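Have a look at the structure below before the remarks.
The values are calculated or read from the model by the stated rules, or taken from the named source; none is laboratory data. Because the structure is a prediction, the values reported are computed rather than measured. As a convention, Cβ positions derive from the backbone with ideal geometry for all residues, glycine included, and neighbour counts pool all protein chains shown. Side chains included, ligands, DNA and RNA excluded: accessible areas come from the protein's heavy atoms. Shrake-Rupley method; radii C 1.70, N 1.55, O 1.52, S 1.80 Å.
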Amino acid sequence: MGFNHFDENGNAVMVDVSEKAVTSRTATAKGTIVVSPEVMKAIHEGTAKKGDVLGVARVAGIMAVKKTPEFIPMAHPLPVTKASVDFEIDDEQHKITAFCTVKTDGKTGVEMEALTGVHVTLLTIYDMCKAMDKRMRMENIHLCEKSGGKSGDIAYGPQQPVIAICGIKNSGKTTVLEKLIPELISRGLKVAVFKNGGHFTPDMPGTDTYRFLQVGASGTLFFDDEQYQISRKLLPPYEELFIQFPEADLLLVEGLRGTELPKLEIIKPNDERSPALSEDKVLGYIAENGAYTSSKPVFDRDDVKGIADFIMELYESGALEGAVL
């Protein structure tokens, strides 16, 4: 997709939206700041020296929304009809998440306004609390959703192309993925894999880090000169999991058949519960000897090259992008 912020001579310009129709547009962005226990306590008790931290941050975010065109050179001035900032507080992880929602009736969207509002909200929290903690960390700032305009409605999901290999328990998901991963890598892709399962222990029994978790640590990080592994007892929102591998070209998921992710379902032979999903919920099926009738593509579970060809065709066409969790 080309950029439209340049003229024929390569000069930066404000996009001409005069021919666009006025429509109702909404955008919500979010971002998190990780603070120290001291800062969290001061916010709860209202003892920060600069005053009501979240109250001031909320006002700052709303003011920033209205001033977005002054910060972003090519942003259009818009008649903002709503600007709000709300917070979620996670006391256990010492996180404050800000949500900024902006609405307008206009010819262009308010994504930049929502993102600017979140950034300034978090910066204000930092400014008001930096005397107590200069190591506060802002993270995971992104657009959650937007509606209206030519591009339609968009909700936040994985940033890379993604496809889930799903099926009922013991249908052979891991076996298929184990063969599929090296085949896709041989096609030039960097692949990361997510596995959704039942309850599990977040480390291997017998390891030192397992022992640390057993005596109460909330998490461990083990590393050497080349790699690392994190084990945590608390599951973050899925969206935070799906940003862990920015270097990957394609995300493969084992499970999560209840989400809106693009999916291939493996059919378990002689089990009336399988397939668990209707044709409108999947891109295709994988069956033993290809023995299943569907209007969607059906692959033999041993036809790894055929499955990989299908995934590559979807990948190259962009059909696996923009997935929603």
Give all pairs with beta carbons closer than 7 Å in which a residue from the stretch 140-160 that is under 26 Å from LEU123 (Cβ atoms) and assigned to a loop (DSSP other than H, G, I, E, B) meets a residue that is modelled with pLDDT of 75 or more and not hydrophobic (A, V, I, L, M, F, W, C); count only pairs at least 6 apart in sequence or on separate chains.
TYR156/HIS142; TYR156/GLU145; TYR156/GLU239
Considering only the stretch 307-325, how many residues are loosely packed, with under 15 Cβ neighbours inside 10 Å and either part of a helix (DSSP H, G or I) or hydroxyl-bearing (Ser, Thr, Tyr) (or both)?
4
Would you be able to say whether some residue in the stretch 155-171 is more than 22 Å from ARG257 (Cα to Cα) and of a type in the set (Lys, Arg)?
no
Looking only at the stretch 31-78, how many residues end up being assigned to a loop (DSSP other than H, G, I, E, B), at pLDDT 95 or above and closer than 16 Å to ALA114 by Cα?
1
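Name every residue in the stretch 66-79 that is open to solvent by less than 30 Å² (accessible area, probe 1.4 Å) and either charged (D, E, K, R) or in contact with a Cys (Cβ under 7 Å, 6 or more places away or on another chain) (or both), in order of residue number.
none
ALA21 - would you say it is part of a loop (DSSP other than H, G, I, E, B) and surrounded by fewer than 18 Cβ atoms within 10 Å (Cβ to Cβ)?
yes
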Can you name the strands (runs of 3 or more DSSP E) wholly within the stretch 199-257 that have at least 3 residues being open to solvent by less than 70 Å² (accessible area, probe 1.4 Å)?
250-254
Going through the stretch 251-279 one residue at a time, which ones are among the acidic types (Asp, Glu) and more than 17 Å from ILE163 (Cα to Cα)?
ASP271, GLU272
Write out, first by first residue and then by second, each pair whose Cβ atoms fall under 7 Å of each other, whose residues are 6+ apart or on separate chains, and whose first residue, in the stretch 103-119, is in contact (Cβ under 8 Å) with a residue 24 or more places away in the chain and closer than 20 Å to ARG58 by Cβ while the second is assigned to a loop (DSSP other than H, G, I, E, B) and open to solvent by 70 Å² or more (accessible area, probe 1.4 Å).
THR104/PRO79
